[in-house]
1. So if I take the centroid of the Cα atoms in the range 117-142 and the same for the range 433-510, what is the distance between those two points in Å?
2. Taking amide H positions as placed in the peptide plane 1.01 Å from N, state which residues far from Phe434 in sequence (5 or more) or on other chains have amide H under 5 Å from it.
3. Mind listing the long-range amide H neighbours of His541? Cut-off is under 5 Å, sequence gap 5 or more, other chains count too, H placed in the peptide plane at 1.01 Å from N.
4. At a 10 angstrom cut-off on C-beta neighbours, averaged per residue, how do the peptides 154-164, 306-316 rank from highest to lowest?
5. Where q = 0.13 Å⁻¹, what log10 of I(q)/I(0) comes from the Debye formula for the range 490-582, counting one point per Cα?
6. In percent, how large is the relative contact order of the chain, given Cα pairs closer than 8 Å and 6 or more residues apart?
7. Please get the size of the charge dipole for the range 207-307, origin at its Cα centre, with Cβ charges of +1 on Lys and Arg and -1 on Asp and Glu, quoted in debye to the nearest 20.
8. What is the set of long-range amide H partners of Leu496 at a cut-off below 5 Å, with H atoms built 1.01 Å from backbone N?
Amino acid sequence: MFQVFKKLSWFFKHYWKRYTFAIVTLIIASAIGLIPPKLVGYSIDLIQFETMTSQILVMLIVAYLALTFIHYTISFFWDYTLFGGAAILERWQRSRLMNHFLKMTPTFFGKHKTGDLMARSTNDLKAISMTAGFGVLTLVDATTFMFMLIAMMGFTISWSLTLAALIPLPIMAIVMNKYGAAIHKRFTKAQSAFGDMNNNVLESIRGVRVIRAFVQEKQDANRFYDMTEDVYQKNIAVAKIDALFEPTMTILIGLSYTIGLGYGAIQVFENKISLGDLVTFNVYLGMLIWPMFAVGELINVMQRGNASLDRVNETMDYQADVKDVESPVYVDSVEKIDFDFVTFSYPHTKSNQLEGISLQVKKGQTIGVVGKTGAGKTTLFKLLLRQYPGVQGSIKISDVDIDTISLDQIREWIGYVPQDQMMFSKSIRENIQFGKEDATDEEIYRVMELAHFLEDIKTLPKGLDTQVGESGVTLSGGQKQRVALARAFIKDPEILILDDSLSAVDGKTEANIIAHLRKERMNKTTFIAAHRLSAVTHADHIIVLEDGKISEEGTHEKLMAQGGWYKEQYENQQLDDGEVIS
């Protein structure tokens, strides 16, 4: 049960002063809380024996009020320190988890669903935070405070009465242990089901247009109902065990009260203890209710925290497929890029997605990459971005193997506009500034002109401050592509990769963007993948990929002269354009 504290020892060691202070002040507050019941018992004895005076009564009242104030003040400090530490742990864990996500490669996100990762980043971290706050509180109260109470009852009143009243404790320990094991198992299943439901909700929100287009609202609602029912049933299973804690504790505490009151009355009649002692004993027995409950709460919180920590650690222990070498090589600039017999297959696939790719790219060149869908265009770019391991052959930048260059430096060089543009739920200005944080409006308008977006911005209600909505829902496909282009252009990267990034714009807009590109990137390297071949006719070198291999390469003129797939495709597209225009 206490394994969770061992797993969090790194945190407690770092904040040992905070937790030492919190625990010490908690114990002091608990000790002070033991004094008022003795004052009550003492007062009753004075009244019983008619020795109470007004002077003693005033002193008792003043002492009681002073103890209350001191107890309140000390309680504030331990509460603030202890639960402040729990908040720090949650913040720290959330930051570590986010940093971990940012280091992960596509392989990781292929294995873990977004909804489940969100569940681990929210519910599981909250359960871990409870362990470091409420868990520590229940641990101290279920051990130290309980022993202090028992010692006060035994040493100051009667050991025989105390031991008799505590007979139910061993029964409670056995029952609570069984409840804890059941909660750990059921809570893990409930959290997993919650993660699946989260993922389903995300997919439904993202795909709401498709769901409506195919009239699948009812089916999607039914799927969601089934998942929520599953989450509900698994949480009910947890709640059933959780609900047994309080009744069990109530029965056992009631048994302790019965023993204490019955046997205590006998001891009063036998003059072994005074009436005031019996009252004090019963007050202490009432105070013992919380430490007894704390035992159950401790097991509950520990098991939940342990289950959640295991889930979070499972994520944190996942090692990135692509890492920096111990001593990365620094490269001053991108003078050339060499693909030397590059062969690659995605993890868990048997066939090669790229095979024997050889390509030499000099600084300032524009490279066109074309081919049928699934030919390997995007895969080629992912290897240049070092998103996957297991590359056979070599990719070199300025004669230095890409595997020996730091990931930060490689990605600092590259501006990447993928097929599926990611728009953040912010303003257009903020989306473009993602490429350059301190970009001025003047710079933004300039890159919007390069991306042929100036006319569009005039029609938007708030111009640059227009909110694009969730994943850019308020923008058309072409507008999203051009905002993504502007975001890449403002970075002014050494290597610009456009992965079919002009597919949603019309031919005239494409021509304008290409013209701006040729002018702006004369001395910088550009890769353009496209299905519409008019986007690459200006390129210095074009490669045609077929089943992961280069089937044709050369300039536009050379490829047209070869009479292969490129020429056939280009002529078909020109014919299609002609038919549309007419």
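1. That distance is 43 Å.
2. For Phe434, whose amide H was placed from the backbone, there are no distant partners under 5 Å.
3. Thr366, Gly368
4. Descending packing order for the listed peptides: 306-316, 154-164.
5. Results for the range 490-582 at q = 0.13 Å⁻¹ read -0.48.
6. Numbers: 794 pairs, mean separation 83.8, N = 582.
Once divided by the residue count of the chain, the mean separation gives 14 percent.
7. Values: 8 positive and 10 negative charges, 75 e Å.
The calculation lands at about 360 debye.
8. Close amide H contacts, sequence-distant or interchain: Gly415, Thr525, Thr526, Phe527.
Only the coordinates and a few stated rules stand behind these numbers; no lab work does. In this text the structure is predicted, and so the values were computed from the model without any measurement. Please note: Cβ atoms are built from the backbone with ideal geometry, for glycine as well, and neighbour counts cover all protein chains shown.
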